[in-house]
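The values are calculated or read from the model by the stated rules, or taken from the named source; none is laboratory data. Predicted model only: the values in this text are computed from it and were never measured. Neighbour counts run over all protein chains shown; Cβ positions are idealised from the backbone, glycine included.
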Amino acid sequence: MFPFRIPIKDWVSAAVDYLVSEFGPVFDGFSAFIYFLVNNLKDGMLLMHPIILIVLIAALTWKLAGWQMSIFALVGLLITENIGLWEPFVETLALVLTAEILVMVVGLPLGIYAARSDRFNSIIRPVLDFMQTMPAFVYLIPAVMFFGLGLVPGVVATFVFALPPLIRLTNLGIRQVPHELIEAADAFGATPMQKLLKVQVPVAKPTIMAGVNQSIMLGLSMVVIAAMIGAGGVGTNVLRGIQRLQVGEGFEAGLVVVILAIILDRLTASFGKTKQTG
């Protein structure tokens, strides 16, 4: 139909090759930092006896989400340990928590800036649309090229995939702060930073926590996909069940992912409510 073909794939490949060749040491340093963070988080949890960690998680769940959810967490984690998936569970938890730390470090400032700048908001919105509609598998390709195989590219791909909801909802939450509160803060002579920390962020916190919740859920949805590039965790067991058509193994691993997802979902949702009313 057209006499020429737009060389999009060549442009993207050339850009990635350039970044790898020119900024290889930067990627290596970042990879070492992420590996250190994930590995120490995982090893720290594995140093504790499973029962101790289970009780700690159940106690935290009781405090934030109530005794019913605490019982679910206790039973679910005991089942996880009983079926021999405790170590993969901890690896997955460490991966998701590390990715979420990165999401919050990057997403919160970008969301705040988008709420303060209409121009930046108009620029970042199509970028976020692109990131959210791009198939998750595509993120694995540059992640592997930049960071190789293993845990680090899994964390990076999870971070990129889970980033947009937090930016969007942080932006939305701050923009929805009643104008009367802003005027009252101005009347008392509050600085922009004081308005942000004392008025806007506290009022927008439920919406921001909804963004944290959604980003964690998206991160968990990347568990199996990240296992394809050697990220480890429960996703490896799910992937093995698919490859070998072992329904039982796949179901057990999937059940552990569901248990983790429900616990993290209730904790983040309840944390937002607790901070709002506390």
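Does Tyr113 count as under 27 Å from Val20 (Cβ atoms) and either in a loop (DSSP other than H, G, I, E, B) or not basic (Lys, Arg) (or both)? Before the answer, list the steps.
On the way: under 27 Å from Val20 (Cβ atoms): no; either in a loop (DSSP other than H, G, I, E, B) or not basic (Lys, Arg) (or both): yes.
Taking the combined requirement at face value, the residue does not satisfy it.
Considering every residue within segment 140-156, establish whether at least one is part of a helix (DSSP H, G or I) and free of Cβ contacts under 8 Å to residues at least 24 places away in the same chain. Scanning segment 140-156 turns up at least one residue that is part of a helix (DSSP H, G or I) and free of Cβ contacts under 8 Å to residues at least 24 places away in the same chain.
Going residue by residue through segment 211-224, is there one that turns out to be over 20 Å from Met104 (Cα atoms) and surrounded by 20 or more Cβ atoms within 10 Å (Cβ to Cβ)? Let's see the steps before the verdict.
Narrowing segment 211-224 to residues over 20 Å from Met104 (Cα atoms): 224.
Going one step further and asking which of them are surrounded by 20 or more Cβ atoms within 10 Å (Cβ to Cβ), we end up with 224.
Yes - at least one qualifying residue is present in segment 211-224.
Based on this model, can you work out whether Ala187 counts as under 15 Å from the mean Cα position of the chain (by Cα) and farther than 19 Å from Met104 by Cβ? Taking the combined requirement at face value, the residue does not satisfy it.
The listed residues are Asp28, Asp10, and the only one of them that is more than 30 Å from Ile263 (Cβ to Cβ), surrounded by 12 or more Cβ atoms within 10 Å (Cβ to Cβ) and either under 20 Å from the mean Cα position of the chain (by Cα) or of a type in the set (D, E, K, R) (or both) turns out to be Asp28. For first residues located in segment 252-278 and farther than 20 Å from Leu97 by Cβ and at pLDDT below 90, partners that are of a type in the set (A, V, I, L, M) and not in a helix (DSSP H, G or I) and lie 6+ apart or on another chain with Cβ distances below 6 Å form the pairs Glu252/Ile83.
Somewhere in segment 165-179, is a residue under 23 Å from Val224 (Cβ atoms), surrounded by 22 or more Cβ atoms within 10 Å (Cβ to Cβ) and not charged (D, E, K, R)?
In the first step, residues of segment 165-179 are kept if they are under 23 Å from Val224 (Cβ atoms); the result is 165-166.
Subset that is surrounded by 22 or more Cβ atoms within 10 Å (Cβ to Cβ): 165-166.
So of that shortlist, the ones also not charged (D, E, K, R) come out as 165-166.
Yes: one or more hits.
Quick check on segment 87-96. Is at least one of its residues crowded, with 16+ Cβ neighbours inside 10 Å, of a type in the set (A, V, I, L, M, F, W, C), over 17 Å from Leu41 (Cβ atoms) and more than 15 Å from the chain's Cα centre (by Cα)? No: segment 87-96 contains no residue that is crowded, with 16+ Cβ neighbours inside 10 Å, of a type in the set (A, V, I, L, M, F, W, C), over 17 Å from Leu41 (Cβ atoms) and more than 15 Å from the chain's Cα centre (by Cα).
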